[in-house]
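Novice: Following this message is one structure expressed as structure tokens.
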Amino acid sequence: AIPEGREVTFGDLVKGEARFAADDLRDFVIRRSDGTPTYLLASGVDDLRMRMTHVIRGEDLFPSTPRQLLMFEALGEEAPAYAHLPLILGPDRAKLSKRHGAVAVEWFREHGFLPEALVNYLALLGWSPGTDEELFPREELVRRFDLADVSHHPAVFDTQKLEWMNGHYIRDLPTDELAARLATALGEAGIDADLDTLRGGAPLVAERMRTLAEGPDLLRFLFVDDLRPDEKAEKMIRRAGPEHLRAAAGRLASLDRWDVPAIEGALTELQEASGLSRKDAWQPIRAAVTGSTVSPPLFESIELLGRERTLARLGAAADLAAAEP
């Protein structure tokens with residue numbers, strides 16, 4: 001059914017002029033023996049009925065285009081314009097697939113990637129603005145994107161680059177917006193967090209996060225009453241000993257004001273009196289009040305936690321240090 005001795009030509013908006021010898025295409029099936037249409041017919045008719053002006057798809061479908069053009073010709077219809085994008089590859093330079101890990105939008109949402117960061121990153125996979133710029137608000141992407149600037153070469157999906165970009169977008173969020181998004185992440189982790197406390201904690205962890213999914217571990221100590229130190233924190237608490245932790249509790253208990261300067265002053269006096277380095281003096285206190293060796297800045301964490309809970313945790317840590325392992 002395909003006319004012999006002719007060429008099927010079209011101008012691809014990415015690849016440029018494309019030519020296919022009709023003799024090489026061979027007749028193709030448009031309806032199966034059970035009466036159902038094949039992809040070539042179904043997608044082509046769908047494009048026509050929806051009055052599509054452009055079909056933008058992966059280059060793996062490039063060989064289908066001359067067949068669909070012949071079909072449109074036989075139907076007496078005008079074909080849409082075509083643009084075939086280079087494929088996205090995994091780190092092994094094979095076509096990106098589930099075996100490389102996440103390929104679904106839902107996974108990225110669940111693991112704390114911001115939609116604006118994901119859109120920005122995906123836009124740069126195969127497209128270049130012609131400069132070294134990498135961070136674009138969505139409106140700027142819409143304004144500057146042009147199919148003529150799409151690369152002919154496949155792009156490699158780099159998760160580390162996406163995490164870097166996501167961290168930038170997290171740091172750029174207004175405090176109230178970051179707190180609201182962290183509240184959602186904490187809720188999904190089973191932690192009931194109040195927004196007032198989160199507004200105080202959000203700026204403290206923004207620089208430490210690449211994804212919102214890291215927020216629950218960093219902020220859990222503010223919202224969990226029955227806090228148990230993790231393994232590293234417990235070792236640090238036992239190594240410091242009960243006397244050091246009780247001395248810290250005593251200095252903090254005597255403060256007239258409960259704010260960062262006063263807390264820093266009290267713990268600096270403790271460190272100097274003990275003859276320990278700041279790390280050795282303050283890390284066991286961090287482990288006691290946050291349950292972890294990694295947390296937001298110590299003095300700000302203690303201020304947010306409050307006097308009563310801070311002293312209670314130091315007392316519990318001192319008892320842990322005094323008890324038999």
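The values are calculated or read from the model by the stated rules, or taken from the named source; none is laboratory data. Worth saying up front: this structure is predicted, and the values here are computed from it rather than measured. Cβ atoms come from the backbone with ideal geometry, glycine included; neighbour counts cover every protein chain shown. These accessible areas exclude ligands, DNA and RNA; they are computed on the full protein's heavy atoms, side chains included. Shrake-Rupley method; radii C 1.70, N 1.55, O 1.52, S 1.80 Å.
Novice: Only residues that are assigned to a helix (DSSP H, G or I), open to solvent by 70 Å² or more (accessible area, probe 1.4 Å) and touching a residue at least 60 places away in the same chain (Cβ under 8 Å): list them for region 183-220, please.
Specialist: GLU188, ASP217, ARG220
Novice: Let me ask you something else. So for region 25-40 (the condition being within 22 Å of ALA123 (Cα to Cα) and within 35 Å of the chain's Cα centre (by Cα)), does at least one residue qualify? I'd like the intermediate steps shown before the answer.
Specialist: Within region 25-40, the subset within 22 Å of ALA123 (Cα to Cα) is none.
No, every residue in region 25-40 fails to be within 22 Å of ALA123 (Cα to Cα) and within 35 Å of the chain's Cα centre (by Cα).
Novice: Please verify whether region 120-139 includes one or more residues that are touching a residue at least 40 places away in the same chain (Cβ under 8 Å), buried (at least 18 other Cβ atoms within 10 Å of the Cβ) and not small (Gly, Ala, Ser).
Specialist: Yes, some residue in region 120-139 is touching a residue at least 40 places away in the same chain (Cβ under 8 Å), buried (at least 18 other Cβ atoms within 10 Å of the Cβ) and not small (Gly, Ala, Ser).
Novice: Can you name the residue in region 170-179 that is in contact with a helix residue (DSSP H, G or I) (Cβ under 9 Å, 6 or more places away or on another chain) and either closer than 15 Å to ARG109 by Cβ or not in a helix (DSSP H, G or I) (or both) and, of all such residues, is least open to solvent (accessible area, probe 1.4 Å)?
Specialist: Going through the qualifying residues, I end up with ILE170.
Novice: Regarding SER301, is this residue assigned to a helix (DSSP H, G or I), in contact with a helix residue (DSSP H, G or I) (Cβ under 9 Å, 6 or more places away or on another chain) and of a type in the set (S, T, N, Q)? Can you show your working first?
Specialist: Values: assigned to a helix (DSSP H, G or I): yes; in contact with a helix residue (DSSP H, G or I) (Cβ under 9 Å, 6 or more places away or on another chain): yes; of a type in the set (S, T, N, Q): yes.
Here the answer is yes, as SER301 does meet what is asked.
Novice: Do you know which of the residues in region 255-275 that are under 19 Å from ALA317 (Cα atoms) and not β-branched (Val, Ile, Thr) is surrounded by the fewest Cβ atoms within 10 Å (Cβ to Cβ)?
Specialist: Step one: list which residues in region 255-275 are under 19 Å from ALA317 (Cα atoms), which gives 263, 266-267, 270-271, 274.
Narrowing the set further to residues that are not β-branched (Val, Ile, Thr) leaves 266-267, 270-271, 274.
Details: ALA266: 19, LEU267: 20, LEU270: 19, GLN271: 18, SER274: 15.
My answer is SER274.
Novice: Report the residue count in region 12-24 for those that are surrounded by fewer than 11 Cβ atoms within 10 Å (Cβ to Cβ) and within 42 Å of the chain's Cα centre (by Cα).
Specialist: Filtering region 12-24 for residues surrounded by fewer than 11 Cβ atoms within 10 Å (Cβ to Cβ) gives 16-17, 19, 24.
Adding the requirement that they be within 42 Å of the chain's Cα centre (by Cα) leaves 16-17, 19.
Qualifying residue count, region 12-24: 3.
Novice: Taking the criterion of being open to solvent by 70 Å² or more (accessible area, probe 1.4 Å), in a helix (DSSP H, G or I) and closer than 30 Å to PHE223 by Cβ, would at least one residue in region 83-104 satisfy it?
Specialist: No, because not a single residue in region 83-104 is open to solvent by 70 Å² or more (accessible area, probe 1.4 Å), in a helix (DSSP H, G or I) and closer than 30 Å to PHE223 by Cβ.
Novice: Would you mention how many residues in region 276-285 are in contact with a helix residue (DSSP H, G or I) (Cβ under 9 Å, 6 or more places away or on another chain) and open to solvent by 40 Å² or more (accessible area, probe 1.4 Å)? Explain how you work it out, then say what you get.
Specialist: If we filter region 276-285 for residues that are in contact with a helix residue (DSSP H, G or I) (Cβ under 9 Å, 6 or more places away or on another chain), which is where we start, we get 276-278, 280-285.
Keeping just the survivors that are open to solvent by 40 Å² or more (accessible area, probe 1.4 Å) gives 276-278, 280.
So the answer is 4.
Novice: Next question. Can THR293 be described as in a helix (DSSP H, G or I) and open to solvent by less than 50 Å² (accessible area, probe 1.4 Å)? Even if it seems obvious, please write down each step before you answer.
Specialist: On the way: in a helix (DSSP H, G or I): no; open to solvent by less than 50 Å² (accessible area, probe 1.4 Å): yes.
No: the conditions fail for THR293.
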